[in-house]
Every structure is written in C-alpha cells, then in structure tokens.
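Accompanying notes for the structure given below.
The values are calculated or read from the model by the stated rules, or taken from the named source; none is laboratory data. Quantities reported herein were computed from a predicted structural model and do not represent experimental measurements. Surface accessibility is based on the protein's heavy atoms, side chains included, excluding ligands, DNA and RNA. Shrake-Rupley method; radii C 1.70, N 1.55, O 1.52, S 1.80 Å.
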Amino acid sequence: MNRPSGTSRRRRPRGLLAWITALLLLTGSLLVSAVPAGATENGLLDATCIPPSSSDIAYTPPLTNTPQPSSAFVSWQLGPCVSTSVPGLTSGTSTDSVPPRSRSCLDLLAAGTETKVVTWNTGATSTLSMNRTVTVAGAVVLVTHTGTVTSGLFAGDTVVATETAPATDITLCTLGLGTVGTVYGVMTLEITSV
C-alpha cells in the first residue's frame, strides 16, 4: 500500500511540465489570433497606438440606473503611436462634449454608432466612423470600435479600437447600488489600409 516517495515525486514534475507547456501554447495561439486579419492578410498597418493610450469619459451628473439628463465629456489620448506611412506621427487626441440627454448606466453597455475626429501631433486629422460593441467579462468591460476613416489622413482605411476598463462601478450602478461619474480605460487603435 505504501508507495516509495520517489515515485509520486517523479510524476508530478512531468504533469506540471505538460500543464505549463499547454498553457504556453494556448497563450501563444491567443496572441497570434489577436492580430487583426486586415493587418496581416488584406492591407498594411498604417498606424497603431498602444497603451498607455487611454479613453476617459466624465458624466455630469453621474449616471444612475434611472434615466436622467446628463452631459458627457469624452477624451481619447493616443500615444505612443507608430505610422509606417507618416513617420512623424507619434500621438493623437480626440475630444467631444456631448450635450445633456436622458442617460442611465445601462447605456454604457449598449451597442451604437459614433463619429470621432482624431487630431494627430502632425496637425493632420482623421474622421473615424465606427460601430461600437460592449462586452463585460467578470470585472472588465471591453468596448470595441470598428469602422473606417471617412476623411482626412488615412481616408478609406479600416479602424479597430479597443478600450479595456474596470466594470465594477458599472455593474454596481446597473444593480442600483451606485453611480458612474467617470469611466477610464486603456486602449489600442489600429488603422489599416485595404
């Protein structure tokens, strides 16, 4: 009934090694699949911006789970950015003041359409027309924007932007247990020629 202590010890490292190997392979495949197909198959990645690029939205008054008039100020701070076709492009900004309208924290989870104008550090602008989808996974909210550059620098290119932010305040607000005054998240932006 008693096994030599060395037998069980030899099996555990192999099992652990197999588990670590499987985890590394899974992580590698997820990283490969995270690269947008358009950037590798259909076109050239004209510009990319990575964290600490950020999105910051402030609501006045803060949102509750009951609709009420509230204004919004939306700011994208993009950088560092790299462009293959415009070597001097290193950062960009987009700001919008949205007048009061009836809003609740449930609106933060809704899909929709939007237009943003990005002003690059070079002085050029790009108008982005996008669809927005929202996914909550545990304590994280992921907002994905997909569309095209309709005018300005990179006109005709496709756009993919993602924002990742904590979901705690939004979740509590939808349950009637809090409010949402601001939503801050890190983001990436990719502009790809077709």
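When all alpha carbon pairs of the range 33-163 are counted in 5 Å bins from zero, the resulting P(r) reads 2, 9, 17, 23, 20, 13, 9, 5, 2, 0 %.
Residues of the range 69-164: accessible area per residue at 1.4 Å, in Å²? List each step's numbers first, then the result.
Values: 4420 Å² over 96 residues.
Here the per-residue accessible area is 46 Å².
Normalised by 2.2 N^0.38 Å, with N the number of residues, the alpha-carbon radius of gyration of the range 67-144 equals 1.33.
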